[in-house]
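Here is the structure we will look at.
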Amino acid sequence: MKKYLSIAALVVLLPAAVAYAGGSVDLEQVTDILKQRPELSRYLLATLEFEDAPNANIRFGPQFKHLSGGRMGPYTLMAKPKGQKGNATIEVTVCTDSSLLDAKGKPTADEFEAVSVKEKLLSVIIRDVRDKGNELNCPMLSK
């Protein structure tokens with residue numbers, strides 16, 4: 001009986017855990033979002049040298065029929081000032097607001113109908129990773 005309860009708990013909880021597992025994305029995906037604010041994008045790209053593998057904090061689980069395995073923001077990038085030697089010391093978090101879209105490009109709340117995601121840049125958080133205890137989170141929108 002205990003074995004079946006453990007399996008049942010795994011089946012119920014695993015999809016939710018996978019949905020927030022995150023994973024890496026192409027740098028271009030994040031720079032495209034930054035370009036929604038051209039002045040900010042130009043400044044960041046001109047002054048910082050980004051590592052190649054940004055991390056998306058959210059990964060779509062298998063309950064998303066068409067989006068399973070896809071990723072969305074917020075995104076975390078490691079960077080350093082251009083010309084600086086050594087490891088990246090700056091963490092850049094790109095905060096986004098997302099809308100699920102159906103096949104016609106219309107917003108939907110139905111995860112089974114969603115075939116794409118539209119992300120809008122909300123804000124960018126920049127912090128020195130050497131400052132422990134200074135972690136900030138992206139703002140949440142109330143809808």
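The values are calculated or read from the model by the stated rules, or taken from the named source; none is laboratory data. None of the values given here were measured: they were computed from a predicted structure. Methodologically, a virtual Cβ is constructed for each residue, glycine included, from the backbone with ideal geometry; neighbour enumeration extends over all protein chains shown.
I need the full set of residues from region 30-55 which are out of contact with any Asp or Glu (no Cβ under 9 Å at 6 or more places or on another chain) and modelled with pLDDT under 90, in order please.
Glu51, Asn55
Does Thr89 count as under 21 Å from Gln29 (Cβ atoms) and among the hydroxyl-bearing types (Ser, Thr, Tyr)?
In short, no.
Which members of region 71-125 meet the condition of being among the basic types (Lys, Arg) and in a strand (DSSP E or B)?
Once the filter is applied, which keeps residues that are among the basic types (Lys, Arg) and in a strand (DSSP E or B), region 71-125 yields Arg71, Lys80, Lys118, Lys120.
Say we look at region 113-134 and pick out the residues that are more than 22 Å from Ser41 (Cα to Cα) and either surrounded by 12 or more Cβ atoms within 10 Å (Cβ to Cβ) or charged (D, E, K, R) (or both); which of these is modelled with the lowest pLDDT?
For region 113-134, the residue satisfying everything is Lys132.
Residues that are among the aliphatic types (A, V, I, L, M) and in contact with a His (Cβ under 6 Å, 6 or more places away or on another chain): does region 36-48 have at least one?
Within region 36-48 (the criterion being among the aliphatic types (A, V, I, L, M) and in contact with a His (Cβ under 6 Å, 6 or more places away or on another chain)), the answer is no, since none of the residues qualifies.
Could you figure out which of (1) surrounded by 13 or more Cβ atoms within 10 Å (Cβ to Cβ); (2) within 16 Å of the chain's Cα centre (by Cα) isn't true of Phe64?
Of (1) surrounded by 13 or more Cβ atoms within 10 Å (Cβ to Cβ); (2) within 16 Å of the chain's Cα centre (by Cα), only one is false for Phe64: (2).
Filter region 84-112 for residues that are exposed (fewer than 13 other Cβ atoms within 10 Å of the Cβ) and within 21 Å of Ala53 (Cβ to Cβ) and give the result.
Of everything in region 84-112, those that are exposed (fewer than 13 other Cβ atoms within 10 Å of the Cβ) and within 21 Å of Ala53 (Cβ to Cβ) turn out to be Lys85, Gly86, Asn87.
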